[in-house]
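K.L.:
Here you go, one structure.
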């Protein structure tokens, strides 16, 4: 019998530029969780029980839908991506940015939702926007190979005609970052980008996953933004809404919830995999002075099925408002 080959750890040399940029401690923390906890059912992140990591869940959901006669309908709905529009008005928005439009794409789950991605690619090149933001979850599972997810994002990126900014979600490995940045997606790890029009500026911040990895640092990004400036926060999950409002962000763009994915008529979610008020689980919402939007996403979790909750991408149009 041949001896079992020794385990060879992954080559992390590609992560050296990222370590230099955001700190070796941050990268090491994420890698440690990915190595030992990324498929964990209990006790990691904001939820006590991580349904997405329960291997029995997909066959249970599939069987239930088939018994109810809804499986084929749920499969069809999951593959047809809608374009939604959302207007965000703010007295702090510089006049030069009136009408500035952000294309928001979330939760692609590429290797689980291939048909939805194909539909998105078929029309996204015709949309008009100024920048595009990706709010995480490119991979189908929370662990395992990710090359097919990278390939799918690459096909989508080829159709996007503006600057693209992204963050990681709870399904993503930090080892995906070099490949994503190689295709000109500026990945944000508790970092801030300044967007300018003439002499005016707004600020785009992105935090690392706050749901499973607990790797976000909102105070750090808020400290990099001038007082009274218009600011946008990308956070994979909207669960950080209180801290975002406390640090004076104007707009928060998130995903993660899938809007419940399987909903009752009228879009009422049966279950949200997040700790937050239900009204924040789908679409536009407001908390104190913070405007928020939770995308139901393009892809799906567990199975490529949706009910009363069609997949979406969103065009956010910024408008000046008089105080």
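K.L.:
Can you tell me, using C-alpha contacts under 8 Å and at least 6 residues apart, the relative contact order of region 67-206 as a whole percent?
P.N.:
Reported relative contact order: 21 percent.
K.L.:
Which residues among region 284-314 fall inside the zone where the amide N is under 15 Å from a point 7 Å beyond the Cα of residue 268, along Cα→Cβ?
P.N.:
308-309
K.L.:
Counting other beta carbons within 10 Å of each residue's own, what order do 232, 121 fall into, fewest first?
P.N.:
Ascending Cβ contact count within 10 Å gives the list 121, 232.
K.L.:
What does the convex hull of the Cα atoms come to per residue for region 157-314, in Å³?
P.N.:
So the per-residue hull volume is 129 Å³.
K.L.:
Per 10 Å bin, what is the whole-percent P(r) computed from every C-alpha pair distance within region 117-167?
P.N.:
Bin by bin from 0 Å, the calculated values are 23, 54, 20, 3.
K.L.:
Right, another one. For region 45-320, calculate the relative contact order in percent as a whole number, restricting contacts to Cα pairs under 8 Å that are 6 or more residues apart.
P.N.:
Here the relative contact order equals 28 percent.
K.L.:
Let me ask something additional. Taking every DSSP beta bridge that has both residues in the chain, what percent is antiparallel when rounded to the nearest 5?
P.N.:
Expressed as a percentage, antiparallel bridges in the chain total about 35.
K.L.:
Separate question: GNM, the chain, Cα, under 10 Å: largest mean-square fluctuation among 246, 312, 77?
P.N.:
246
K.L.:
Can you give the relative contact order of region 220-261 as a percent, counting alpha carbon pairs under 8 Å and 6+ residues apart?
P.N.:
In percent, rounded to a whole number, it is 43.
K.L.:
Running a GNM on the chain with Cα contacts under 10 Å, which residue among 204, 160, 70 ends up with the highest mean-square fluctuation?
P.N.:
Highest fluctuation among the options: 70.
K.L.:
Give me the compactness ratio for region 196-246, meaning the Cα radius of gyration over 2.2 N^0.38 Å.
P.N.:
Computed over Cα atoms of region 196-246, the ratio equals 1.21.
K.L.:
Further question on the same structure: Pop the C-beta distance of residue 92 and residue 62 into the FRET formula with R0 = 35 Å and round what comes out to the nearest 0.05.
P.N.:
0.15
K.L.:
Does anything in region 233-268 have its amide N under 20 Å from the 7 Å Cα→Cβ label point of residue 70, and if so which residues?
P.N.:
257-268, by backbone N distance to the label point.
K.L.:
Between residue 201 and residue 85, how many nm apart are label points set 7 Å from Cα along the C-beta direction?
P.N.:
3.1 nm
K.L.:
Between residue 286 and residue 122, what length comes free when the chain is fully extended (0.36 nm per residue of separation minus the Cα-Cα distance, one decimal in nm)?
P.N.:
Working: separation 164, 0.36 × 164 = 59.04 nm, distance 3.26 nm.
The residue 286-residue 122 span can extend by a further 55.8 nm.
K.L.:
Ranked by Cβ crowding within 10 angstrom, fewest neighbours first, how are 279, 213 ordered?
P.N.:
On the way: 279 12, 213 22.
Placing the least packed residue first, the sequence is 279, 213.
K.L.:
Go ahead and set up a Gaussian network model of the chain, Cα springs under 10 Å, then flag whichever of 215, 24, 244 fluctuates most.
P.N.:
Answer for the Gaussian network model of the chain: 24.
K.L.:
Where does the chain land at 222 nm, in deg cm²/dmol rounded to the nearest 500, when only DSSP H runs of n ≥ 4 count, each adding -39500 (n - 2.57), divided by all residues?
P.N.:
Values: 9 runs with 78 residues, N = 323.
After summing the helix terms and dividing by residue count, I get -6500 deg cm²/dmol.
K.L.:
Starting with the fewest neighbours, write out 139, 175 ranked by other beta-carbon atoms found within 10 Å of each beta-carbon.
P.N.:
Details: 139 29, 175 18.
Ordered from fewest to most neighbouring Cβ atoms within 10 Å, 139, 175 come out as 175, 139.
K.L.:
Suppose R0 equals 30 Å. What FRET efficiency, 1/(1 + (r/R0)^6) with r the Cβ-Cβ distance, do residue 14 and residue 220 give to the nearest 0.05?
P.N.:
Here the calculated transfer efficiency is 0.75.
Every number here is computed from the coordinates shown, using simple stated rules; none is lab data. Note that this is a predicted model, so its numbers are computed, not measured. We place every Cβ from the backbone using ideal geometry, glycine too, and count neighbours over all the protein chains shown.
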